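Here the structure is laid out as structure tokens; the discussion comes afterwards.
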Amino acid sequence: MNLRMNLAKAISSGARTAVWMAVAFTAAFVAGPRSVWAGDESTAVAMNYQSPYLKVELANNQPNFLTLAVDSLGNGRLGTNLVRQPPAPSQAFDVRWQGHTAEYRPAGAPLSTPPVWSFDFSERAMIIRSAYTPGETTSPLTVTFNPWASHATLLGLFNREESIRLPALLHFPDQGTFRITTEQGGSVALGYAAQRFSGHSDQDYVRVTFPAASAAEPVLEYALHVVDIYPGGANLAGDPRFDGFRRNFLNIFQLSARRRVLANNAASDPCAFTVYMYSAVARRSPPLAKGLTALDIVRQSLNRYLHGMKAYGIPGYNNDHQPYTFLDTYPSLVIAASDYVSGSNDMAWLKQNYPGLKSWAAKMIGQEDKNGLVSYPASGNSGSWPKKIVLRPANWWDTIGFGHEDAYSNALAYHALLGMAEMAGRLHRPQDVALYASNAQRIRSIYVKTFYDPATGVLAGWKSADGKLHDYYFTFVNGVAISYGLVPTGLANRIMDHLLAKMKAVGYTHFQYGLPGNLIPIRPADYVDHSAFAGYKRFQTYENGGATGDFAYFTLQALYKLGRRRQADAILFPMLRGFAEGGFQGKGPNGLTYDWKTWNGSARGYEGLLADNYLALLAVLDR
């Protein structure tokens with residue numbers, strides 16, 4: 001009572017008195033009206049809010065967050081602070097915390113003045129408001145997220161570089177998602193920037209900036225609602241085994257702030273040969289917000305590539321010296337376009353961009369050799385890769401010597417050609433349909449004959465120019481070939497028998513970490529990157545048999561397609577536990593990251609988060 005009387009007396013006399021008061025709220029209980037003034041930076045005022053979905057602590061000296069945590073599933077898993085501490089403010093504020101609302105006014109401004117920024121919290125939402133006062137300059141609200149806590153990304157449509165219009169999603173892998181809307185709609189865009197490899201991990205960031213109100217927009221209100229967006233219906237919602245799926249279904253979508261396309265993560269490289277992974281998930285995603293779908297984001301990336309943007313896998317990206325386009329680049333882009341068209345039925349886009357898609361298909365067909373397979377200029381012969389890297393191999397697995405006739409890229413090319421035939425059919429172009437279908441059939445007719453290794457009973461990774469097969473029990477090669485229908489069912493089952501038997505023989509049972517891409521060591525003569533970090537002469541490290549979620553989807557999809565549900569489930573459910581525990585991102589005690597791991601779970605990656613890991617979540621729907 002004395003505190004309230006003293007506070008009332010101080011306010012009535014016009015003084016600004018700093019008072020410490022811990023005010024916490026939960027969804028079940030909200031305290032009655034209380035006011036706290038904070039004008040003295042030396043005195044702390046706790047301005048907190050917590051519910052099962054949301055945990056917030058606001059700064060007492062400026063409009064910003066000291067703590068922000070979110071759990072989209074409402075399980076109260078709020079132990080990860082997602083924000084970096086804001087820098088010292090450039091101006092002084094008086095802060096009023098009343099009920100579940102915080103108001104920030106310029107120091108000395110009367111209560112009758114609208115707050116320049118205010119925050120209003122409820123169980124699954126927060127409303128952030130900015131009000132314009134003539135004669136006052138209000139800074140925007142810039143929130144800096146710590147990518148080493150969770151690789152935040154802003155998902156939406158770009159106005160320009162580092163600016164995304166609303167509505168949008170602010171997604172935190174392994175944590176949760178805010179859907180951000182405003183009554184002004186697309187006329188308001190949020191700033192979006194990201195940085196990695198700064199030299200100091202505490203300086204890496206993802207930043208989102210909320211513009212302040214202005215004379216043109218006197219009041220801006222941003223609504224941030226906690227959402228969980230996933231397909232599959234109520235049967236998944238009621239089963240805790242699928243919590244990792246529900247919370248992380250969107251994890252594969254990471255928008256590069258600088259490149260304006262889907263990328264490895266918000267601050268990392270875009271790879272043209274992975275766009276088909278994003279489109280596969282986008283086709284099965286529910287709407288993200290009113291007027292925004294995951295396929296819209298895929299279309300945005302495709303448009304950038306159609307206008308000539310380069311990415312890893314295309315010569316000239318980042319001024320690299322890679323002389324050849326990876327064999328999986330054009331198939332990936334064509335598959336993504338086919339997924340977009342079939343998922344959206346956007347015939348206007350298809351008509352407008354069909355010439356560009358035909359150009360991609362022509363370049364892909366132009367890579368075919370006399371056998372009808374797409375072929376890489378590098379021979380792929382053992383011992384042909386020099387110690388100094390002068391070029392990369394044929395596909396995504398860019399430390400392993402895939403060359404000449406590459407089984408993985410040819411499986412993608414086959415699938416892409418079928419997609420081109422389907423799109424040509426939509427436009428009533430029978431000659432194009434015949435061209436693409438016949439080229440697809442040529443690949444299918446020779447695929448198994450070329451890559452099947454009778455010595456092991458599985459498909460080899462590549463056939464080099466000297467006619468030799470290079471077979472390391474590649475899980476992803478065999479999985480993708482079976483998934484895309486290149487292998488007859490009887491042989492497909494025998495291949496999976498051999499592959500699973502080899503997995504058991506080498507002792508790989510750690511499915512919570514994902515799957516190795518290969519089950520036996522890559523010989524040094526077939527390794528491109530001669531560094532220990534990249535796995536050279538170091539089995540279970542990175543692409544040399546390291547455990548990862550990358551491409552595990554194709555093994556799972558193949559097993560489900562063949563009706564081998566028990567064997568697929570034995571891999572999937574441990575992986576889902578790994579996803580639920582956040583086991584595929586973040587930094588380990590050795591300073592490396594968990595996007596790649598040894599078979600005992602030690603971190604061996606470098607991205608921090610590699611979006612490709614989360615394609616495996618699609619297997620829940622194939623189940």
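The values are calculated or read from the model by the stated rules, or taken from the named source; none is laboratory data. In this text, all values refer to a predicted model and were calculated from it rather than measured experimentally. Every residue, glycine among them, receives a Cβ derived from its backbone with ideal geometry; neighbour counts consider all protein chains shown.
A few remarks follow.
- Meets criteria (in a helix (DSSP H, G or I), assigned by TED's automatic domain parsing to the domain that holds Ile520, of a type outside the set (D, E, K, R) and within 23 Å of Ala492 (Cβ to Cβ)) for Ala413: yes
- Residue count for region 119-143, restricted to those that are under 16 Å from Pro218 (Cα atoms) and either aromatic (Phe, Trp, Tyr) or in contact with a His (Cβ under 6 Å, 6 or more places away or on another chain) (or both): 1
- Residue within region 234-243 that is in the same structural domain as Asn75 (by TED's automatic domain parsing) and surrounded by 19 or more Cβ atoms within 10 Å (Cβ to Cβ) present: no
- Only listed residue being part of a loop (DSSP other than H, G, I, E, B), of a type in the set (S, T, N, Q) and farther than 21 Å from Gln300 by Cβ, chosen from Ser214, Ser268: Ser214
- Selection within region 350-364 - farther than 13 Å from Leu306 by Cα, in contact (Cβ under 8 Å) with a residue 24 or more places away in the chain and either out of contact with any Leu (no Cβ under 8 Å at 6 or more places or on another chain) or of a type in the set (D, E, K, R) (or both): Lys351, Lys363
- Scanning region 296-326 for residues that are within 17 Å of Leu357 (Cα to Cα) and assigned to a helix (DSSP H, G or I) yields Val298, Arg299, Gln300, Ser301, Leu302, Asn303, Arg304, Tyr305, Leu306.
- Candidate set from region 69-103 (those that are of a type outside the set (A, V, I, L, M) and in a strand (DSSP E or B)); member that is surrounded by the fewest Cβ atoms within 10 Å (Cβ to Cβ): Gln98
- Residues that are part of a loop (DSSP other than H, G, I, E, B) and within 29 Å of the chain's Cα centre (by Cα) within region 377-400 comprise Ile389, Leu391, Arg392, Pro393, Ala394, Asn395, Trp396, Trp397, Asp398, Thr399, listed in sequence order.
- Region 261-287 residues that are at positive phi, paired with ones that are modelled with pLDDT of 95 or more and buried (at least 24 other Cβ atoms within 10 Å of the Cβ) (beta carbon under 6 Å, 6 or more apart): none
- Criterion: part of a helix (DSSP H, G or I) and among the hydroxyl-bearing types (Ser, Thr, Tyr) - qualifying residue of Tyr614, Tyr536, Tyr594: Tyr614
- Yes/no for Leu499 being in contact with a strand residue (DSSP E or B) (Cβ under 8 Å, 6 or more places away or on another chain) and not β-branched (Val, Ile, Thr): yes
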